[in-house]
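Input: a single structure, listed below in structure tokens.
Each value in this text was obtained by applying a stated rule to the coordinates, not by laboratory testing. Note that the structure is a prediction, hence the values are computed from the model and not measured. Every residue, glycine as well, gets a Cβ built from its backbone with ideal geometry; the counts of neighbours run over all protein chains shown.
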């Protein structure tokens, strides 16, 4: 094969690889935009009572991930733990334990422990934002 033909083949392969990478980046950006729009819609929605907000904290731990949820007892009436657990399963997490307790008669505390491999801080932040949205949005 002549040098110019080999260069053309290499150029085409490089262009195909670049196109594949750009498509992949585009798809990732579209997914993130969609998730961001959902969170934005949640933050912009009107909630009846700010005291009913729940807090969600997602922390890495040696065996995976720990999720801490604190809810107002009245807000908990609208809090189905199955919604959170379903979201975690859809994201590929393995739920190891889920423990709930009531604190001072007004607040409920929930601790969910997950097995997780190769998580990045960015992934945990995104997970936390999504769970906050699930907990605090009226839908």
Q) Gain in length, residue 124 to residue 107, computed as 0.36 nm per residue apart minus the alpha-carbon separation, to one decimal in nm? A) 3.7 nm
Q. Given labels modelled 7 Å from the Cα in the Cβ direction, how far is it in nm from residue 4 to residue 25?
A. 3.2
